[in-house]
2 protein chains.
Amino acid sequence: MTQPRLNVLAIGDAIVDVISSTEDDFLTAEGLMKGSMRLIDAEEATRLYSHMGQARETSGGSAANTTAGIAAMGGRAGFVGQVATDQLGEIFAHDIRALGVEYETRPIDVEDPTGRCLILVTPDGQRTMNTFAGASHCLTVEALDEAQIADAAILYLEAYLWVPDRPRAAMLRAIEVAKAAGRKVALTLSDIACIDKRRDSFLDLIRGDGLDLLFANEAEIKALSGEGDFDAALAAFAEKVPLVVVTCSEKGAVAVERGRRVSVPAQRVDKVVDTTGAGDLFAAGFLCGQAEGRPLEDSLRIGSLCAAEIIAHFGARPEADLKALVA
Amino acid sequence: MTQPRLNVLAIGDAIVDVISSTEDDFLTAEGLMKGSMRLIDAEEATRLYSHMGQARETSGGSAANTTAGIAAMGGRAGFVGQVATDQLGEIFAHDIRALGVEYETRPIDVEDPTGRCLILVTPDGQRTMNTFAGASHCLTVEALDEAQIADAAILYLEAYLWVPDRPRAAMLRAIEVAKAAGRKVALTLSDIACIDKRRDSFLDLIRGDGLDLLFANEAEIKALSGEGDFDAALAAFAEKVPLVVVTCSEKGAVAVERGRRVSVPAQRVDKVVDTTGAGDLFAAGFLCGQAEGRPLEDSLRIGSLCAAEIIAHFGARPEADLKALVA
């Protein structure tokens, strides 16, 4: 088995974030649950956008943010995700490549435009996401470069993209290719709504020994396990998956690797501006630590540092020099 | 003469800013002069963008930023500027309307896309602008709503848009309409490059008693007057224009109204993040003060407060509650 060229190849939504500051009243008036993510169609995206305040646009997408973080730390990351042939697609492709992420998925000319996520950020820094997936859900097996998958130490999959059929089929094929090449497969659970929609499919992946690394937050791991108790939920997956990593917001993060449990506190942040991307950048830091062969606890710490950087400003892509921050 | 519905109607570039942090070395390598603005074509925009780091997109345009600031302070502002029928055009229209600015210019389906300004921000907070004007320079007389012009106390013109022929023709017609309705006409000089290209035309406007209010910075007023001495430059225009307002960066601002000269120091800012929009928001604050009938000195102070808010963050549209800030 040759040394892989990439540390991580991720497959996920290719999305531009449209971020607007708002008051809690606006969420109430729109019937939105703070902190949630929901999928919306083009019509609802147009309606909600017209009610939102002025916004700033930055490239996003959960797994894409993770690869951006890895590249910003000097890691070697690739990304697979679908944009359309439009201006937002150009912005997405520019930003991810500008950070040094290998991104070769060709834009496609479909009816749907490039996906976007309308993000409402309340004064407490919490983000409420309304995702119009657009072209992002048009990812098919044809978009995969199997040699690229075989050349990455870890294939990292985003659960958001596990819900629609075409991208899930692409991900299932990517898993086969990665496994055949002796690579590891990681999954991030993304959101409770994804778990509700694809529970059996996630459990099949875990039970079938297909998964080497599972990322989740507290609510997600409880939801997938069906356990109300955190420790029981963690134990349920730690038996099946060699490495389970769970973020618990201001309570820090915990990892269980082959029975050994390690936890770290959250990094202090002076002012939480926008929590968008906290989990994505935690995963980036953790994966970089692991790629450098650092101990589990160090990897968790680097993840926490990266999460702390991202929630101190608007947008889910790193602004500070992550390499210097981590050093 | 009826009470005008709008405090200010501005005509200017309709542009989305593409803002990227960079090091001084990048400016040197690209042969760019720090702090300058230059017009670039589509090809150069594509080339430069491909060399830039990841970016954030926010709506911009000099006079558009000024109307955004006025609306954010509760003033009644309108804007006229041309976008294309594309995603950046939708973003521009959304953002300016979301702030409460009256914006009725219909997007047009031309070869050029919506204009954008590639802004490189160095660690000292200085911005270097590379503007691909795109559809913005396709503004014609047909885009004007003469009733709207007649219904604004001040017609505010951006010198950037005075350079290309079609928009200048539209502005000349707008001046006629405003004058016929007994309204005031204001001009902001925008940039030295504009002055070099249209010196005679600006001087004609000033000498012909067409101008009631002139905004400039120190370098611009020196360039237009041909005087190397600031006081001499100021005096040259204060004789011709009833109200001249000049910003002098960290030295503050000065106004001369019918012979009376008033100046204020600059507002202190902890950390200058991005100077983009400082002059635009100064004008917004000043015009709001004047619209509320405040003394000249107060208007200058409000302008300084608004400029200080805008340079403390990325982007040229207000993020803080300007109304509260000024109160």
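Throughout, read-outs are computed from the coordinates displayed, never taken from laboratory work. What you see is a predicted model; the values in this text were computed from it and never measured. Backbone-built Cβ (ideal geometry, glycine too); neighbour counts: all protein chains shown.
Couple of notes before you dig in:
- Beta bridges by DSSP in the stretch A:213-282, antiparallel share as percent, to the nearest 5: 65
- If you run the Gaussian network model on chain B, springs between alpha carbon atoms under 10 Å, then out of B:Gly134, B:Gly78, B:Gly53 the most flexible one is B:Gly53.
- Top of A:His51, A:His137, A:His94 by mean-square fluctuation, Gaussian network on chain A, Cα under 10 Å: A:His51
- Among B:Ala169, B:Ala153, B:Ala186, the largest mean-square fluctuation in a Gaussian network model of chain B, built with springs joining Cα atoms closer than 10 Å, belongs to B:Ala169.
- Remark: the Cα gyration tensor places chain B in the rounded category, a/c being less than 1.5.
- R0 of 51 Å, Cβ-Cβ distance B:Ile192-A:Arg268: FRET efficiency to nearest 0.05: 0.65
- Relative contact order of the stretch B:6-326, taken over Cα pairs closer than 8 Å and 6 or more residues apart, is 19 percent.
- Per residue of peptide B:151-162, the mean number of Cβ atoms on other chains within 10 Å of the residue Cβ is 0.
- Beta bridges per DSSP with both ends in the stretch A:1-131, % antiparallel, nearest 5: 35
- Coarse-grained scattering of the stretch B:169-310 at q = 0.09, 0.12, 0.19, 0.20 Å⁻¹, given as base-10 log I(q)/I(0) from a Debye sum over alpha-carbon atoms: -0.26, -0.47, -1.18, -1.29
- Distances in nm from A:Gly182 to the matching label points in the other copies, shortest first (labels 7 Å along Cα to Cβ): 8.9
- Under the combined filter of DSSP loop state and at most 10 neighbouring Cβ atoms within 10 Å, the stretch B:249-327 retains these trypsin sites (Lys or Arg not before Pro): B:Arg258, B:Arg268, B:Lys271.
- Among the GluC sites (Glu not before Pro) in the stretch B:245-327, none is located in a DSSP loop while being surrounded by at most 12 other Cβ atoms within 10 Å of its own Cβ.
- The stretch A:248-303 - Debye-derived log10 I(q)/I(0), Cα point model, q = 0.28, 0.30 Å⁻¹: -1.22, -1.30
- Other protein chain C-beta atoms within 10 Å of residue C-beta, averaged over B:87-95: 5.
- Counting lysine pairs in the stretch B:6-326 whose alpha carbons fall under 27 angstrom apart, excluding pairs fewer than 8 residues apart on the same chain, gives 18.
- Rounded to the nearest 500, the 222 nm mean residue ellipticity of the protein assembly as shown from helices alone is -12000 deg cm²/dmol, with -39,500 (n - 2.57) taken per DSSP H run of at least 4 residues.
- The protein assembly as shown: C-alpha gyration tensor shape, a/c 1.5 cut-off, then a/b vs b/c: prolate
- Using a 7 Å Cα-to-Cβ projection, B:Pro265 label spacings across copies, nm, ascending: 4.2
- Loop-resident sites, the stretch A:76-180, for GluC sites (Glu not before Pro), counting at most 15 other Cβ within 10 Å (DSSP): A:Glu104, A:Glu111
- For the pair the stretch A:189-260 / the stretch B:92-122, the C-alpha centres are spaced 44 Å from each other.
- In the assembly of identical copies, B:Pro123 has its label point, taken 7 Å from Cα in the direction of the beta carbon, separated from the corresponding points by 3.6 nm (ascending, one decimal).
- Eigenvalues of the alpha-carbon gyration tensor of the stretch B:71-126, scaled by 5 and square-rooted, set the equivalent ellipsoid semi-axes at 22, 20, 8 angstrom, largest first.
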